[in-house]
Amino acid sequence: AQTVTQSQPEMSVQEAETVTLSCTYDTSESNYYLFWYKQPPSRQMILVIRQEAYKQQNATENRFSVNFQKAAKSFSLKISDSQLGDTAMYFCAFMGFFGNEKLTFGTGTRLTIIP
Amino acid sequence: DVKVTQSSRYLVKRTGEKVFLECVQDMDHENMFWYRQDPGLGLRLIYFSYDVKMKEKGDIPEGYSVSREKKERFSLILESASTNQTSMYLCASSFRSSSSYNSPLHFGNGTRLTVT
């Protein structure tokens, strides 16, 4: 079974700074998908960014980018120019290629942006 | 925009009660999921369904059952609620896609259930 580990339960950073959230996973599959979801205080889970394991290029979505290290099974999220609206729980998630669309989530990192 | 609606935002029930959590999506998604969210444990999959009348156990199905009589509705049932089922419950849906990557999950806003 796959596992996803987020080792930082809480983080805080000053507004406009850059922050990196870490995620590691364990799998025996060679092809899979990785995701970062954001859950603000409103509780609505929102997809932030996604990565296909067979793509070497790191995904980028505006201020959000990932550092995907397949050999190390690491998938960190970098938020540049952080904004107050980035305050949220962030979950890393794994989906196997044959995983029938099921996601396995990490335990989450609570990120607070300080004004 | 896809909308996944959970019938209650907050719910308080007594131990031993039968509890129904309802979820409706309006995008004709084939897949529907129920997750449970607890601090320090993240989201854990309880049950999921790929089609009407289909259901499959997730990672923590004990104490729960589900019903999917219509494509748009997926109900989570606690047959006899217990205090250890106090939690946040999240419903999600997605298309059955040949590429899972291209059909991300859409979530409801969650139901915070307290069992006393």
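The values are calculated or read from the model by the stated rules, or taken from the named source; none is laboratory data. As the structure is a computational prediction, the values presented were derived from the model and not from experiment. Every residue, glycine among them, receives a Cβ derived from its backbone with ideal geometry; neighbour counts consider all protein chains shown. When the accessible area is computed, the model is the full protein with side chains, heavy atoms only, and any ligands, DNA or RNA have been set aside. Shrake-Rupley method; radii C 1.70, N 1.55, O 1.52, S 1.80 Å.
So which residues in region B:1-33 are open to solvent by less than 20 Å² (accessible area, probe 1.4 Å) and away from every other protein chain (no Cβ under 12 Å)? Result: B:Val19, B:Leu21, B:Cys23, B:Gln25.
If you check B:Arg44, B:Arg112 for being more than 18 Å from A:Thr104 (Cβ to Cβ), open to solvent by 60 Å² or more (accessible area, probe 1.4 Å) and within 11 Å of another protein chain (Cβ to nearest Cβ), only one passes: B:Arg112.
Of the residues in region A:97-104, at least one is among the β-branched types (Val, Ile, Thr) and more than 25 Å from A:Glu15 (Cβ to Cβ). When we screen A:Thr112, A:Thr107 for residues that are of a type in the set (Val, Ile, Thr) and in a loop (DSSP other than H, G, I, E, B), the only hit is A:Thr107.
Screening B:Tyr101 on (1) closer than 23 Å to A:Val4 by Cβ; (2) assigned to a loop (DSSP other than H, G, I, E, B); (3) modelled with pLDDT under 95; (4) not β-branched (Val, Ile, Thr) shows it passes everything except condition (2).
Of all residues in region B:69-97, those satisfying the criterion of being surrounded by 13 or more Cβ atoms within 10 Å (Cβ to Cβ), closer than 14 Å to B:Cys23 by Cα and over 11 Å from the mean Cα position of the chain (by Cα) are B:Lys71, B:Glu72, B:Ser94. Of all residue pairs spaced 6 or more apart or on separate chains, those with beta-carbon atoms under 6 Å, a first member in region B:44-72 that is without any contact (Cβ under 8 Å) to a residue 24 or more places away in the chain and a second member that is open to solvent by 30 Å² or more (accessible area, probe 1.4 Å) and assigned to a strand (DSSP E or B) are B:Phe48/B:Glu56; B:Asp59/B:Arg44.
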